[in-house]
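The values are calculated or read from the model by the stated rules, or taken from the named source; none is laboratory data. These numbers were taken from a predicted model, which means no experiment stands behind them. When we count neighbours, we look across all protein chains shown, and the Cβ atoms used for this are built from the backbone with ideal geometry, even at glycine.
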Amino acid sequence: MKTAFAAASLAAFLAAPSLASAAEPAEYAFDKTHTAISASWTHLGYSEMSIYFTDYDGVLLLDFEEPSNSTVDVTFNIAGGFWVGAGQERFEGHLNSADLFNSEEFPTARFVATSFETEDGSTGTMTGDLTLLGQTNPVTLDVTLNAHQPHPFSGTMTAGLSATGTILRSEWGMGYAVPAISDALTLSIETELALVTDEAE
């Protein structure tokens, strides 16, 4: 999930060389005010439900000229780090239980990018390893670079992107109520990444 979560940083890779402003990796940071990372599933055929991950951070060292030099490594705090709606304490408790995230034993999840592919500099894929419930499997996200330019308010170089992908939760040992509750989770990421500057430190 966290996957989904972390794919946000593919923005660096997707920027075409003609837009590059640095010859080596530069540090970017999530603008969490303008980032939404979620996973959605089908509940008993009645509805589509979603969970939003709210507590995450990592290393985003992005090279716009040589994407293979980039580093994307994001950790998600699962315990207390997600939102499913107001007044949903009972549901949150079940999500944290051994049936699902088992957050007492596995309080974090981690996504580490392993490869990037693009043909046009605006769309592409990011593949990485997602570790959840102590198990690691590959995840591939389709990514679209929406913008990479100075922010109109702050002037800071900012990349905005959208990413989507699908995983089977049972591959990480989270097989509760499959197939009545869908095994497939749709991951969605909308994010803005800001270049870290001396002024921001």
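Tabulated data for the structure shown
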quantity: Condition broken by Asn137, with the remaining ones in (1) touching a residue at least 60 places away in the same chain (Cβ under 8 Å); (2) surrounded by fewer than 17 Cβ atoms within 10 Å (Cβ to Cβ); (3) assigned to a strand (DSSP E or B) satisfied; calculated: (1)
quantity: Residue match in segment 116-123 (condition: touching a Leu at 6+ places or on another chain (Cβ under 6 Å) and at pLDDT 95 or above); calculated: no
quantity: Where a residue in segment 168-188 is on the phi > 0 side of the Ramachandran plot and its partner, wherever it lies, is loosely packed, with under 14 Cβ neighbours inside 10 Å, with Cβ under 7 Å and at least six apart; calculated: Gly173/Gln135
quantity: Residue list for segment 18-55, restricted to those being modelled with pLDDT under 95 and either of a type in the set (S, T, N, Q) or touching a Cys at 6+ places or on another chain (Cβ under 7 Å) (or both); calculated: Ser18, Ser21
quantity: Selection from segment 72-105 of residues that are without any contact (Cβ under 8 Å) to a residue 40 or more places away in the chain, buried (at least 17 other Cβ atoms within 10 Å of the Cβ) and over 19 Å from Trp41 (Cα atoms); calculated: Asn77, Ser103
quantity: Any chance Leu185 is surrounded by 14 or more Cβ atoms within 10 Å (Cβ to Cβ) and under 13 Å from the mean Cα position of the chain (by Cα); calculated: no
quantity: Residue in segment 106-113 that is surrounded by 14 or more Cβ atoms within 10 Å (Cβ to Cβ), touching a Ser or Thr at 6+ places or on another chain (Cβ under 9 Å) and small (Gly, Ala, Ser) present; calculated: yes
quantity: Selected residue [charged (D, E, K, R) and touching a Pro at 6+ places or on another chain (Cβ under 7 Å)] from Asp63, Asp73; calculated: Asp63
quantity: Test for Phe53: is it in contact with a Leu (Cβ under 6 Å, 6 or more places away or on another chain) and either exposed (fewer than 14 other Cβ atoms within 10 Å of the Cβ) or among the aromatic types (Phe, Trp, Tyr) (or both); calculated: no
